[in-house]
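Reviewing the structure listed below.
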2 protein chains.
Amino acid sequence: MVAMAQGTPDTAEMRVDRSVTTLRGLTLEKMRDAILDFRFRPGERLVERTLCERLGVSRSVVREVLRHLEAEGLVETIPHQGPAVARPDPAQAAQIYEIRGLLESEAARACALQASDAAIDELAAAIDQIDAAFQTGSPRAVLKATTDFYEILFRAAGKPVAWEVVRSLNARINHLRGMTVVTPERHAHAIAEMRALHAAIRRRDGEAAWRASADHVAMVARLAAERLASLPPG
Amino acid sequence: MVAMAQGTPDTAEMRVDRSVTTLRGLTLEKMRDAILDFRFRPGERLVERTLCERLGVSRSVVREVLRHLEAEGLVETIPHQGPAVARPDPAQAAQIYEIRGLLESEAARACALQASDAAIDELAAAIDQIDAAFQTGSPRAVLKATTDFYEILFRAAGKPVAWEVVRSLNARINHLRGMTVVTPERHAHAIAEMRALHAAIRRRDGEAAWRASADHVAMVARLAAERLASLPPG
DNA sequence: TATGATAAGATGGTATACCATAAGATTGTC
DNA sequence: GACAATCTTATGGTATACCATCTTATCATA
């Protein structure tokens, strides 16, 4: 143990690690991942007893997990009709993209001003991962890699709370994002946009980073709106 | 029933209202209100059996409500130590104010551009309510009236999703807000700031509304930071 | 008087039972 | 064949039981 300064001894290092995962914690993770991984369709009913069978836990655990997901906006519950995977309507989706624009661009700006060199390198690596994910053609892989990129960006910007908000909002439009994320022409554009953002961050240009991020979100918002417009109603 | 246009008959008005409040719904509302109304202190343990007695419901209901509040960020649960009212640290509080600044100012701008005359009148009335609440000297009343004002503003701006985000973040710093909201000098300043914001909205000046809102949030953020700095740690 | 051991109480985690209500299936009648 | 009535099944809501673990209280010993 390193020598400590005079005064109150710092015993934080001594604290016993009591982290233990409950069944509920594990189940919440699995359900959230299953929803985000397109294992359930928006609108699909989440019948408690069916989930008990699939997950191998009691209804108590399932109900508590559903309450959590409900508060996160991933599940909606109609009284006496039961829970179902949430379906964001077009107006909500548009607002979510707008909020993302506000928060992501501000994070990009702050990232340019204060990110460590290590974080900037991590961002570059994350863009390479996104590129590789596009090659696989899998929306899942692209969304996962994109999420990793933004997590690095927000944390490097010193904005974990904003990241929580964006991640939560993105979860609500995950299915829509999944439908718009992978097309051949989108691959090239997306990577170019992200490299432009990264270049701005690397040269510590807050203004340009802000611009690049705002432009990127505006682009994906438009793609999503077009996609929604082409879907049958309901 | 009013006559309808040719085509698919609009039967929305005919739909049977099946809203029925569950015990869980009622309990969630009561618990949330109790936390926001300073009936529980940040860090205070929420013992399940104690809550059962106070609320008159079973542990099933209490546990599901705690899961919901946990996901909302109002409650934090340490494994095998149980739930407690959440305590936002200073860094989180600062980020919450920054996010509010981004979302509220954008909503103010949009409100100036598109709010109905009726909504603008409602905003004026809401400011009068805030003024009256300050006279009572009650932080609860001031926070309640302020929440009403912002709900009107966000809805008039057409941004219910952003309002959800702001309301949720505000809930997490409710106690801090309660500590900073009411002082004699704050009363005059706060009302002046809100009237300035309202005047900008009334004259449909998006830019000025944006500025007034951003300034207001910056002001309350600074007051909160000062207050936090004056508290003992822990 | 202080410390260690033991017992009792408190608490969160998880499972299951019971109930009311809604939905679906089946049967009977016109 | 269509519709109404009846029966059965499915489902969410709520309560309670049981268990393991942790905390607190009590007792014994040095």
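Couple of notes before you dig in:
- Under the condition of being free of Cβ contacts under 8 Å to residues at least 40 places away in the same chain, open to solvent by less than 30 Å² (accessible area, probe 1.4 Å) and away from DNA strand C (no atom under 14 Å from the Cβ), the residues counted in the range B:32-53 number 1.
- The helices (runs of 4 or more DSSP H) located wholly in the range B:106-215 that include 3 or more residues which are under 26 Å from B:Glu70 (Cα atoms), in contact (Cβ under 8 Å) with a residue 24 or more places away in the chain and not assigned by TED's automatic domain parsing to the domain that holds B:Phe40 occupy B:139-156, B:160-172, B:174-180.
- Residues in the range A:89-105 that are outside any helix (DSSP H, G or I) and either within 10 Å of chain B (Cβ to nearest Cβ) or crowded, with 22+ Cβ neighbours inside 10 Å (or both): there are none.
- Test: residue in the range A:49-66 that is at the interface with another protein chain (Cβ under 8 Å from one of its Cβ atoms) and of a type in the set (A, V, I, L, M, F, W, C): yes
- For the criterion of being among the β-branched types (Val, Ile, Thr), modelled with pLDDT of 90 or more, within 29 Å of B:Ala224 (Cβ to Cβ) and touching a helix residue (DSSP H, G or I) at 6+ places or on another chain (Cβ under 8 Å), B:Val61 fails.
- Residue satisfying all of: in the range B:64-88; in contact with a strand residue (DSSP E or B) (Cβ under 9 Å, 6 or more places away or on another chain) and at pLDDT below 90; surrounded by the most Cβ atoms within 10 Å (Cβ to Cβ) among these: B:Thr77
- In the range A:115-157, the residues that are within 14 Å of chain B (Cβ to nearest Cβ) and surrounded by fewer than 17 Cβ atoms within 10 Å (Cβ to Cβ): A:Arg155
The values are calculated or read from the model by the stated rules, or taken from the named source; none is laboratory data. Just so you know, these numbers come straight off a predicted model, no measurement behind them. Note that each Cβ is placed from the backbone with ideal geometry, even for glycine, and that neighbours are counted across all protein chains shown. Just so you know, the surface numbers come from the protein's heavy atoms only, side chains and all, with ligands and any DNA or RNA stripped out. Shrake-Rupley method; radii C 1.70, N 1.55, O 1.52, S 1.80 Å.
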